[in-house]
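I have placed the structure first, in the form of structure tokens, so that the comments after it can refer back to it.
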Amino acid sequence: MKICYYPGCTLKTKAKELDAYARKAAEALGVEMEEVKDWQCCGAVYPMAKNEIATKLSAVRALDYAKHNGGKLLTLCSACHNVIKRVNDDMKNDENIRTKANNYLALEESYNGETQVIHYLEMLKNEVSFDEIAKKVVKPLNRKVGAYYGCLLLRPSGVLAFDNPENPSIIEDFIRAIGGTPVIYPFRNECCGAYVSLKNQTLPKERSAKILNSAKEKGAEEVITACPLCLYNLQVNGAGILPARYFTELLAEALGVK
Amino acid sequence: MDKTEMTEIMKEISGTDVRKCMKCGKCSGRCPAYKDMDIKPHQFVTMLEKGKVEELLNCSAIWNCFSCMACVERCPRGVAPAQVIEAVRTTFTRAQNNNGLAAEDIPPIVDELIPQQLLVSAYRKYNK
């Protein structure tokens, strides 16, 4: 299976492992990730103001590329996924944004939200299946892992439609598939403090400590995430309460391709 | 620009209907930055409805909201407080000399691990 892939800026720099392990694991699972040609940074945050158009265009370009190259766009970074999926929803349902973005881009054929945006975890669940993954595991994790969802994969759930925003289960199912024991803890869908850590580090420090202490109290030995900013906040602002790693690293480890 | 016009623009770019709010406070109850919000999420909605734009534009809560969408998720009336906060912050930063992050403040706080995603997202949120 071949699928269009949008890596994003951080996966080419500070989060190279998130990308590298995802590619190795995909290869082991028979999925070919083909990078979107000339992709541009998505902007890392979805611009919510209704008259923001230019800041949404890089996402539309990637979406339009995928439309003509298989119809699906695979994302991995939680922020890219959030931005691209929400922009896609605008292109489908917001006539004002759709018209203005199309007028600006002047594509041969206008883009109207046709592409299906799927996150790597959704690809594992729906295209490969957790049962198939479980069969290919050579080194089961055999440890207690806390899934850290954060906010970008789950909310707003009306658009993201990723999982139940209050009680998600996809990462726990993933942990089970690779031979680990998922730990359910109250703060797994709480925000880490996000970009505020560049302006005021007190808030993200408090948030990250709460999240990691919550996971530790329930018995987790480590937490996993799909977001480079969550990982940074948990590692740096969470001050080593628990180790935090990318979920793709554990997948590659279990599949024996790390 | 007069206050009424400013209110209308902020309502429009928020993309949410502030009149639908029934003041239950669930948004503020769910806000992870609650204690650092000098104006709480539910107050943003009511104050915009009432056209209190000067107070909104002068608050510090616009810098502490994570845009985590928890308030939006919990609203039983489909109002989006986070979008109101974004509309206020955007209106503030779009004015001349109103950027929230100064370039010279960044290098001292950049460490080896800081992801590009953090720099890009903070600039997008805090500056025009």
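I need a count of the residues in the stretch B:99-128 that are part of a helix (DSSP H, G or I), under 22 Å from the mean Cα position of the chain (by Cα) and within 8 Å of chain A (Cβ to nearest Cβ). Adding up the residues that qualify gives 9. Filtering B:Ala87, B:Ala82 for residues that are within 28 Å of A:Leu11 (Cβ to Cβ) and assigned to a helix (DSSP H, G or I) leaves a single hit, B:Ala82. Close contacts from the stretch A:15-34, counting a first residue that is without any contact (Cβ under 8 Å) to a residue 40 or more places away in the chain and a second that is aromatic (Phe, Trp, Tyr) and part of a strand (DSSP E or B), with Cβ to Cβ under 7 Å and a gap of 6+ residues or different chains, come to A:Glu34/A:Tyr5. Scanning the stretch A:236-251 finds one or more residues that are surrounded by fewer than 22 Cβ atoms within 10 Å (Cβ to Cβ), more than 20 Å from the chain's Cα centre (by Cα) and not aliphatic (A, V, I, L, M). Among the residues of the stretch A:238-245, at least one is within 12 Å of chain B (Cβ to nearest Cβ), assigned to a strand (DSSP E or B) and either under 23 Å from B:Gly29 (Cα atoms) or in contact (Cβ under 8 Å) with a residue 60 or more places away in the chain (or both). The numbered conditions (1) of a type in the set (Ser, Thr, Tyr); (2) touching a Cys at 6+ places or on another chain (Cβ under 7 Å); (3) over 25 Å from B:Cys27 (Cβ atoms) are all true for A:Thr181 except (2).
Which one is nearest to A:Asn126 (Cα to Cα), of the residues in the stretch A:210-222 that are more than 11 Å from chain B (Cβ to nearest Cβ) and not in a loop (DSSP other than H, G, I, E, B)? Looking at the filtered set, the residue picked out is A:Glu222. Any residue in the stretch A:77-86 that is hydroxyl-bearing (Ser, Thr, Tyr) and surrounded by 16 or more Cβ atoms within 10 Å (Cβ to Cβ)? Checked against the condition, which is being hydroxyl-bearing (Ser, Thr, Tyr) and surrounded by 16 or more Cβ atoms within 10 Å (Cβ to Cβ), the stretch A:77-86 yields at least one hit. Is one or more of the residues making up the stretch A:147-170 without any contact (Cβ under 8 Å) to a residue 40 or more places away in the chain and in contact with a Gly (Cβ under 8 Å, 6 or more places away or on another chain)? Checked the stretch A:147-170: no residue is without any contact (Cβ under 8 Å) to a residue 40 or more places away in the chain and in contact with a Gly (Cβ under 8 Å, 6 or more places away or on another chain). Contact map, the stretch A:186-209: residues that are in a loop (DSSP other than H, G, I, E, B) paired with residues that are buried (at least 22 other Cβ atoms within 10 Å of the Cβ) and among the charged types (D, E, K, R), Cβ distance under 6 Å, separation 6+ or inter-chain. Pairs shown: A:Cys192/A:Arg207; A:Gly193/A:Arg207. Report yes if some residue within the stretch B:1-15 is more than 19 Å from B:Pro76 (Cβ to Cβ), in a loop (DSSP other than H, G, I, E, B) and more than 13 Å from the chain's Cα centre (by Cα); otherwise report no. Taking every residue of the stretch B:1-15 in turn, at least one turns out to be more than 19 Å from B:Pro76 (Cβ to Cβ), in a loop (DSSP other than H, G, I, E, B) and more than 13 Å from the chain's Cα centre (by Cα). Is it fair to say A:Glu35 is more than 13 Å from chain B (Cβ to nearest Cβ), surrounded by fewer than 22 Cβ atoms within 10 Å (Cβ to Cβ) and out of contact with any helix residue (DSSP H, G or I) (no Cβ under 7 Å at 6 or more places or on another chain)? Here the answer is yes, as A:Glu35 does meet what is asked. Here is the figure for the stretch A:157-209: residues that are of a type in the set (Ser, Thr, Tyr), surrounded by fewer than 16 Cβ atoms within 10 Å (Cβ to Cβ) and away from chain B (no Cβ under 14 Å) total 2. Reported count of residues in the stretch B:40-74, each being more than 14 Å from chain A (Cβ to nearest Cβ), farther than 14 Å from B:Arg19 by Cβ and surrounded by fewer than 18 Cβ atoms within 10 Å (Cβ to Cβ), is 5. Does B:Gln96 satisfy the condition of being surrounded by 24 or more Cβ atoms within 10 Å (Cβ to Cβ) and more than 14 Å from the chain's Cα centre (by Cα)? When the stated conditions are applied, B:Gln96 does not pass them.
Scoring A:Glu17 on the criteria (1) in a loop (DSSP other than H, G, I, E, B); (2) surrounded by fewer than 19 Cβ atoms within 10 Å (Cβ to Cβ) leaves a single failure, condition (1). In the stretch A:117-151, of all residues being part of a strand (DSSP E or B) and buried (at least 18 other Cβ atoms within 10 Å of the Cβ), the one that is nearest to the chain's Cα centre (by Cα) corresponds to A:His119.
Values quoted throughout were computed directly from the atomic coordinates according to the rules given, and no laboratory measurement underlies them. Please read these numbers as outputs of a predicted model, since none were measured by experiment. Cβ coordinates were reconstructed from backbone atoms using ideal geometry, including for glycine residues, and neighbour counts include every protein chain displayed.
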